[in-house]
Amino acid sequence: MSSHSYDVSIADFQTKVVEASFHAPVLVDFWAPWCEPCKVLKPMLEKLAEEYAGKFILAKINSDENPELAAEFGVRSIPAVKAVVQGQLVDEFNGALPEAQLRAFIDSLQPSPAEPLREQAAAARAAGELVVARALLSQAVALDGKSDAAYLDLAEVCLDLHETDDATAILQAIAGRAEQPEIKSRVEALQARLALEAAVPDDGVDLATLEARVTADGDNLQSRFELAQALAARRQYRPALDQLLEIIRRERKWNEDAARLQMLTLFNLLAADPTGNALAREYRTALARTLNC
């Protein structure tokens, strides 16, 4: 039996499908001996599995012998092919497709050639080397113009560098094709960051000056709001939320509810980041308690 194509049952499903999918895309082919279209599709998939030589794995499941797996995947007719990547069902089709369509389906599951550059850029960004990260991501999008994730990484680094015009252009270009929920969420979060950048007064006043104004006069809510905006634009979200919450404590409806609305904007921004989600939940609770006092 080939290492690229094998039979799977419920006994070895976890190993041969779920765990294997973290190393290469797994096509799960539900078939049965009596199914005529299966007799056409299965040999084509087996041939392609050998040709692609490990770029995907073909896991063949006899649906008659494994009804639990067929039910779990919602198989109602066969052949049914399910694509599993990183342990998750990412795509599927039913029926026997022509070989050209099979190749296109398999190719769509292959990792983007931009991924290694994205990883290098993430490491550079974490080290504070933003110009290096920008250069790497520019190479990534040149290599794979369909990589929405690489474009969004580039937009994010542009915002880190305060290159708002470039970030705006990237987001405008990608917004119309952002169909996947995680991509759409990132687009919305970056648009929120852009709005924050645009809201910061361009008067040359630095963070230290704004902090000094608030220290000198805590009731100056306009200064406190401007400080919150400046902190948020620098991705210092916790102190920014603290300032906004303090405005609401002092004057709940100040400036037509500006502080609460700004907090909601930050919550939407943070929702795209797993670590930010926890911060958003913390301050949603704090906001609710403040409003209900």
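The values are calculated or read from the model by the stated rules, or taken from the named source; none is laboratory data. Just so we're clear, the structure is a prediction, and the values are computed from it rather than from any experiment. Here the Cβ is made from the backbone with ideal geometry for all residues, glycine too, and neighbour counts use every protein chain on show. Quick note on the areas: whole protein, heavy atoms, side chains included, nothing else; ligands and nucleic acids left out. Shrake-Rupley method; radii C 1.70, N 1.55, O 1.52, S 1.80 Å.
Residue by residue through region 150-173, note down the ones that are in a helix (DSSP H, G or I), among the hydrophobic types (A, V, I, L, M, F, W, C) and surrounded by fewer than 18 Cβ atoms within 10 Å (Cβ to Cβ).
Of everything in region 150-173, those that are in a helix (DSSP H, G or I), among the hydrophobic types (A, V, I, L, M, F, W, C) and surrounded by fewer than 18 Cβ atoms within 10 Å (Cβ to Cβ) turn out to be Ala169, Ala173.
Identify, by number, the condition in (1) surrounded by 14 or more Cβ atoms within 10 Å (Cβ to Cβ); (2) out of contact with any Ser or Thr (no Cβ under 8 Å at 6 or more places or on another chain); (3) part of a helix (DSSP H, G or I) that Ala70 doesn't meet.
(2)
Residue pairs, Cβ under 7 Å, 6 or more apart or interchain, first in region 97-114 and under 23 Å from Glu36 (Cα atoms) and among the hydroxyl-bearing types (Ser, Thr, Tyr), second open to solvent by 50 Å² or more (accessible area, probe 1.4 Å) and assigned to a helix (DSSP H, G or I). List them.
Matching pairs, first to second residue: none at all.
Being assigned to a helix (DSSP H, G or I), of a type outside the set (S, T, N, Q), under 25 Å from Arg186 (Cα atoms) and open to solvent by less than 40 Å² (accessible area, probe 1.4 Å) is the requirement here; does Ala232 meet it?
When the stated conditions are applied, Ala232 passes them.
Do we have Glu179 as modelled with pLDDT under 90 and open to solvent by 50 Å² or more (accessible area, probe 1.4 Å) here?
Yes; evaluated as a whole, the condition is true for this residue.
Return the pairs, sorted by first residue and then second, in which the second residue is not in a loop (DSSP other than H, G, I, E, B), the first residue lies in region 32-50 and is open to solvent by 80 Å² or more (accessible area, probe 1.4 Å), the beta carbons are less than 8 Å apart, and the residues are 6+ apart or on different chains.
Hits for this filter: Glu50/Ser5.
Select from region 87-120 the residues that are buried (at least 19 other Cβ atoms within 10 Å of the Cβ), of a type in the set (A, V, I, L, M, F, W, C) and under 16 Å from the mean Cα position of the chain (by Cα) and list them in ascending order.
Ala114, the sole residue that qualifies.
What's the number of the only condition in (1) in a helix (DSSP H, G or I); (2) at pLDDT 90 or above that Gly128 fails to meet?
Gly128 satisfies all of (1) in a helix (DSSP H, G or I); (2) at pLDDT 90 or above except (1).
Any residue at all in region 214-228 that is within 20 Å of Leu269 (Cα to Cα), touching an Asp or Glu at 6+ places or on another chain (Cβ under 7 Å) and outside any helix (DSSP H, G or I)?
No, there is no match, as no residue in region 214-228 is within 20 Å of Leu269 (Cα to Cα), touching an Asp or Glu at 6+ places or on another chain (Cβ under 7 Å) and outside any helix (DSSP H, G or I).
How many residues are aliphatic (A, V, I, L, M), more than 17 Å from the chain's Cα centre (by Cα) and farther than 15 Å from Ser112 by Cα if we restrict to region 131-166?
Residues flagged as aliphatic (A, V, I, L, M), more than 17 Å from the chain's Cα centre (by Cα) and farther than 15 Å from Ser112 by Cα within region 131-166 amount to 6.
Among the residues of region 272-290, which ones are in contact with a helix residue (DSSP H, G or I) (Cβ under 7 Å, 6 or more places away or on another chain) and either in a helix (DSSP H, G or I) or open to solvent by 50 Å² or more (accessible area, probe 1.4 Å) (or both)?
Those that are in contact with a helix residue (DSSP H, G or I) (Cβ under 7 Å, 6 or more places away or on another chain) and either in a helix (DSSP H, G or I) or open to solvent by 50 Å² or more (accessible area, probe 1.4 Å) (or both): Gly276, Asn277, Leu279, Ala280, Tyr283, Arg284, Ala286, Leu287, Thr290.
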